[in-house]
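Report on the following structure.
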Amino acid sequence: MVEVHELVKVFPTTEGEEKRAVDGLSFTVAPGEIYGLLGPNGAGKTTSLRMISGLLSPTSGYVRLNGFDVIARREQAKRCLGYLTASTGLYQRLTPREILRYFGELMDMSRDEVDRRIVELIDWLDMREFADLRCGGLSTGQRQRTNIARALMGDPPILIMDEPTLGLDVLTNRIVLDFIRAEAARGKAVIMSTHYLDEAETLCHRFGLIHEGRLVGEGGLAALQEKAGRRRLSEIFLKLCGHDEHVLRQPPGAEGTPSQGRGAA
């Protein structure tokens, strides 16, 4: 269970003023649920995820992971969480198998537990062909599967997935999305942030649409469609942010241009 309550993060600026990157964010994610935290660049998503994970302290508000406050009970909260980002680094000279063993030992897992879990993850994520190659020579998709396995090594009940399919090929994309569905089906609470809204539509049970640090809409797809009067998630977001007319309006003199172009061809 993830509980986010009135989360605020204020940063100083070079001009001496303060910037509210996150402003009163509240939501919950239940076991077995995939929650899509969606918004444009600069909306406050990454800052929010870092506060939820305990990597960044909030200015005010709180986050609880399975009942543990991420600041007051940091170590207990971190043991509940697997955190994956598209930019997570790997030790270039180690193999995926060595990385998994290293993180398993950091989690105080027994040797037998580490061995069993490595076999499970390598089989599940189809990593056998590259499990013993150095990470410095892996493809983007292979590196991402290694990072997923690393995040899952301790079998945490809560997962944060920040742009998990960024830059992946079709095959690896499918493996990652199937993995997220499978983990939710096993009862894990999943927070997913992505710019691929079509993926989010098919994957997430509920959505939190964030703009300028605030939630502008929350709920399942049907509820958001009814609220915004739009069908596609991208159109819903633009409507709730008040930007749909601005974005969709044609520039002056553009009327008829597409059809004229086709006629000329």
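Observations
- Helices (runs of 4 or more DSSP H) within segment 120-223 that include 2 or more residues surrounded by fewer than 15 Cβ atoms within 10 Å (Cβ to Cβ): 170-185, 197-203
- Residue check for residue 103: touching a residue at least 12 places away in the same chain (Cβ under 8 Å) and assigned to a loop (DSSP other than H, G, I, E, B): no
- Matching strands (runs of 3 or more DSSP E) fully within segment 1-84 where at least 2 residues are open to solvent by 50 Å² or more (accessible area, probe 1.4 Å): 2-12, 18-29, 60-65
- Count of segment 85-106 residues, restricted to those that are open to solvent by less than 60 Å² (accessible area, probe 1.4 Å), more than 17 Å from residue 140 (Cβ to Cβ) and out of contact with any Asp or Glu (no Cβ under 9 Å at 6 or more places or on another chain), is 3.
- Near pairs, Cβ below 9 angstrom, 6+ apart or cross-chain, from segment 41-65 (on the phi > 0 side of the Ramachandran plot) to any residue that is small (Gly, Ala, Ser) and open to solvent by 20 Å² or more (accessible area, probe 1.4 Å): 61/24; 61/26
The values are calculated or read from the model by the stated rules, or taken from the named source; none is laboratory data. In this text the structure is predicted, and so the values were computed from the model without any measurement. Positions of Cβ are backbone-derived with ideal geometry, glycine not excepted, and every protein chain shown enters the neighbour counts. Quick note on the areas: whole protein, heavy atoms, side chains included, nothing else; ligands and nucleic acids left out. Shrake-Rupley method; radii C 1.70, N 1.55, O 1.52, S 1.80 Å.
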